[in-house]
Amino acid sequence: MNTNLDIVIIGGGLAGLCNAIHLSKFGKKVLLIEKNSYPKHKVCGEYISNEVLPYLDFLDVNPFEFGAVKIDEFQLSTTKNKVIAAKLPLGGFGISRYTLDLELYKKAQLNGVTILQDTVVDISFKDDCFTVETKENNYFKAKIAIGSFGKRSVLDVKMNRDFIKKKSPYLGVKIHVKGNFKQNLVALHNFKGGYCGVSKVENNAINLCYITSFSAFKKYKNIADFQEQVVFKNQFLKEIFKNSQPNWEQPLSISQISFATKKPVENHILMSGDAAGMIHPLCGNGMSMAVQSSQIASKLILNYLNGKVKDRKMLEKQYIRQWNKKFSLRLKTGHFIAMLFRKDNIASFLLQVLKKLPFLLPLIIKQTHGKPMKI
């Protein structure tokens, strides 16, 4: 039993690693437990808003040193192949999770974070302290626990979280390809039952990541058949897929993606990143939310450990309040936009409105993107 810890972080994705770097920067003893080894590709849109750059700079991480691609244009198409384009109000960048997670992992190690490759099987809270048990029979005690274990985890089931009780109908597919695509553009192309994000990442690779309902997908034999019969009905996607070469033998896929409302605190664990809530990929800013949730959690945890936040109840209350203030409107907007674009006729009508009133699209984008983070 290791008892000499301030914070244990369960999950080493964007949120977990940013929390680890932030907290270790202030001398806290941090253990991060991640089941996978680094680096690893993940199903992700891999576009991130520039709003996070001040915070990444604070963490001493510069994504452009690792090949991140600057993005300042946006394109949207409907299932009927109608298209609209706009300048992104704040802009963003493209970088793969393979590279970004690896570089954050290296930075966390340099900061003195202990990183353990293992799987957490249970976490309990008693006498104002957390006890964490892993698959390899390791046990740890810590004052604070952060849950950053992604979209769906065995721990969600173990804690009987509300969202996990409902079967989610969404499936995600991602692949990197080589081909021609505008360097500074992020595109969202709709097809019947889903939509696909397209943008460049490092090493001149194009990230193609789409989400669809399982009910739409299961009618077909496999991913290739589904793409041929459904995805390629969007002429923009057909052109990109047909005129590019895959970097991998097989695409990645993930099922049971849930956009249901989650609680930012469960069993006294502060949830961070996708474990706290997910925005629809149609809004293209989930990576930014993960990074920003880390700043909220880390600042409050430091204040709690330093006595500025008087007790755990106040810590949890403030985290819930700040998380909701930052993200609840974004999530509601994301749900609403996704709902509209599931209805072909409404989507086409909206596109016509946006073409006649082009100033509206940047305003809508701003609703799912924030301002540059304050340090």
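The values are calculated or read from the model by the stated rules, or taken from the named source; none is laboratory data. Being a predicted model, the structure only gives us computed values, none of them experimental. Glycine gets a Cβ as well: all are built from the backbone with ideal geometry, and neighbour counts include every protein chain shown. Just so you know, the surface numbers come from the protein's heavy atoms only, side chains and all, with ligands and any DNA or RNA stripped out. Shrake-Rupley method; radii C 1.70, N 1.55, O 1.52, S 1.80 Å.
Note on the chain: Rg/Rh from C-alpha atoms, Kirkwood Rh, equals 0.97. Of the residues S255, S153, S294, the one with the largest accessible area comes first in the ranking S255, S153, S294, computed with a 1.4 Å probe on protein heavy atoms. Could you point to the residue in T3, S294, N81 farthest towards the positive end of the chain's charge dipole, with +1 and -1 charges on the Cβ of Lys/Arg and Asp/Glu respectively? The residue sitting most towards the positive pole is N81.
Coupling constants for the stretch 73-88 follow from the phi torsions by the Karplus curve (6.51 cos²θ - 1.76 cosθ + 1.60, θ = phi - 60°), and in residue order they are 10, 10, 9, 9, 10, 9, 5, 9, 6, 8, 10, 9, 10, 7, 7, 6 Hz; glycine and proline get x. The string of couplings for the stretch 221-232 from the Karplus curve (6.51, -1.76, 1.60, θ = phi - 60°) is 5, 7, 4, 4, 5, 4, 4, 5, 8, 10, 4, 6 Hz, one whole number per residue in order, with x for Gly and Pro.
With 21 Å as the limit, write out which pairs from K200/K242; K332/K356; K200/K325; K70/K242; K80/K221 have Cα-Cα distances beyond it, or answer none. It would help to have the intermediate numbers written out before the result.
On the way: K200/K242 17 Å; K332/K356 25 Å; K200/K325 32 Å; K70/K242 25 Å; K80/K221 25 Å.
Table pairs above 21 Å Cα-Cα are K332/K356; K200/K325; K70/K242; K80/K221.
How about K25: which lysines have a C-alpha closer than 20 Å to its C-alpha, ignoring those fewer than 8 places off in the same chain? Qualifying lysines at Cα under 20 Å: K106, K107, K143, K299, K308, K374.
Expressed in whole Å with the largest first, what are the equivalent ellipsoid semi-axes of the stretch 119-184 derived from the C-alpha gyration tensor as the square root of 5 times each eigenvalue? Walk me through the intermediate numbers first.
On the way: eigenvalues 247, 60, 28 Å².
Whole-Å semi-axes of the equivalent ellipsoid: 35, 17, 12.
Could you give the accessible area per residue of the stretch 65-214, probe 1.4 Å, as a whole number in Å²? Walk me through the intermediate numbers first.
On the way: 6510 Å² over 150 residues.
Each residue of the stretch 65-214 exposes 43 Å² on average to a 1.4 Å probe.
Expressed as a whole percent, the accessible area of the chain that falls on carbon and sulfur atoms is 51 (1.4 Å probe). When all protein chains stay in place and ligands, DNA and RNA are ignored, the 1.4 Å accessible-area order of E51, E239, largest first, is E239, E51. Each of L116, S213, L185 was placed along the dipole of the chain (beta-carbon charges, centred on the mean Cα), and the one lying farthest toward the positive end is S213. One way to sum up the overall shape of the stretch 152-232 is the equivalent ellipsoid from its Cα gyration tensor, whose semi-axes run 28, 18, 11 Å, largest first.
Compute the length gained on full extension between K135 and N324: take 0.36 nm times their separation in residues and subtract their Cα-Cα distance, giving the result in nm to one decimal. Intermediate results must be reported in sequence, preceding the final value.
Values: separation 189, 0.36 × 189 = 68.04 nm, distance 3.33 nm.
Gain on extension, K135 to N324, equals 64.7 nm.
Per-residue extension of 0.36 nm, minus the Cα-Cα distance of A260 and D118, leaves a gain of 48.3 nm for this segment. Its relative contact order, with pairs defined as Cα atoms under 8 Å and 6+ residues apart, puts the chain at 23 percent.
With respect to the chain, whose longest principal axis is taken over its alpha-carbon atoms, helix 312-341 is tilted by about 10°. State the Cα centre-to-centre distance between the stretch 205-270 and the stretch 180-203 in whole Å. Value for the Cα centre distance between the two parts: 12 Å. The 1.4 Å probe gives accessible areas that order W323, W248, largest first, as W248, W323.
Evaluating kT/(6 pi eta Rh) at 10 °C and 1.306 mPa s, with the Kirkwood radius of the stretch 95-214 over Cα pairs in the Stokes-Einstein relation, gives 88 µm² s⁻¹.
Given the peptides 28-35, 71-78, 352-359, 16-23, arrange them by the average over their residues of other C-beta atoms within 10 Å, most packed first.
The packing order, highest mean first, is 16-23, 28-35, 71-78, 352-359.
Modelled spin labels at E73 and N267, positioned 7 Å past Cα toward Cβ, are 4.9 nm from each other.
Highest mobility in the GNM of the chain, judged by mean-square fluctuation with C-alpha springs under 10 Å and restricted to V121, V291, V231, is found for V121.
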